[in-house]
Amino acid sequence: MNSLKMKLSVLLGVAQMLLGLSLRFANAFYEKSRTDLLFECVPMFVFLSLYFGYMNWMILHKWVTPVSHVEGMENEGPPSIINQLISMSMQTGGGSPFFSPYETMIMVLVGLSVPLLLFPKPMLLWYKHRRALRRAQMYISESEDDPFYRNQGNVQGDMLVENNNGGGGLGSMSSDGAAPSSQASGRAAGGGGNA
């Protein structure tokens, strides 16, 4: 009974992981992220389906297939799934003929999926970050988009103009440094009245 509960919990656990992985695929499609799809979802699916999916297949195959129907195992008991997985992972060659003869190919694909899952996405994100940083540095160094000196050759700002009484006032100064004619005429009129 304990063996049955353990195997059922393994089957349900792998089904739950497959559901979570399908949601990860949906997120990658929704966000249109090829990096997540190719270097996260696909290797996860390969690892999950080939290793844990194969383990689930072993459980179901052991349940429904009598050992006496397997050639060379007529007088043997049912093989251990744990020992078979260890033998497959370590490539010791002591696998049972009760299960698949393609275990070496399964382990090669599982082994290739692990570095594909671990390395490309962080390296691509690092490269994108470095490229964006380089573009930002080039933009800052080449542009003249300073808020204090923006278009200073074309736009005449308000500048402090000194009058004859020693005070200051805001006025618009022309490009040659002369005061506007209205202020100059006002000063002349004021000076003429005092004389």
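Each residue, T35 and V64, gets one label point 7 Å from its Cα in the Cβ direction; the gap between the two is 4.3 nm. On the basis of the beta-carbon distance and an R0 of 22 Å, W126 and M17 show a calculated FRET efficiency of 0.20.
Applying the Karplus relation 6.51 cos²θ - 1.76 cosθ + 1.60 with θ = phi - 60° to the stretch 107-121 yields 3J(HN,Hα) values of 5, 5, 5, 5, x, 6, 6, 5, x, 5, 7, 8, 9, x, 5 Hz, where x marks Gly and Pro. Of Y54, Y127, the sequence from fewest to most neighbouring Cβ atoms within 10 angstrom is Y127, Y54.
None of the figures in this text is laboratory data; all of them are computed from the coordinates on show. Source: prediction; values computed, not measured. Every residue, glycine as well, gets a Cβ built from its backbone with ideal geometry; the counts of neighbours run over all protein chains shown.
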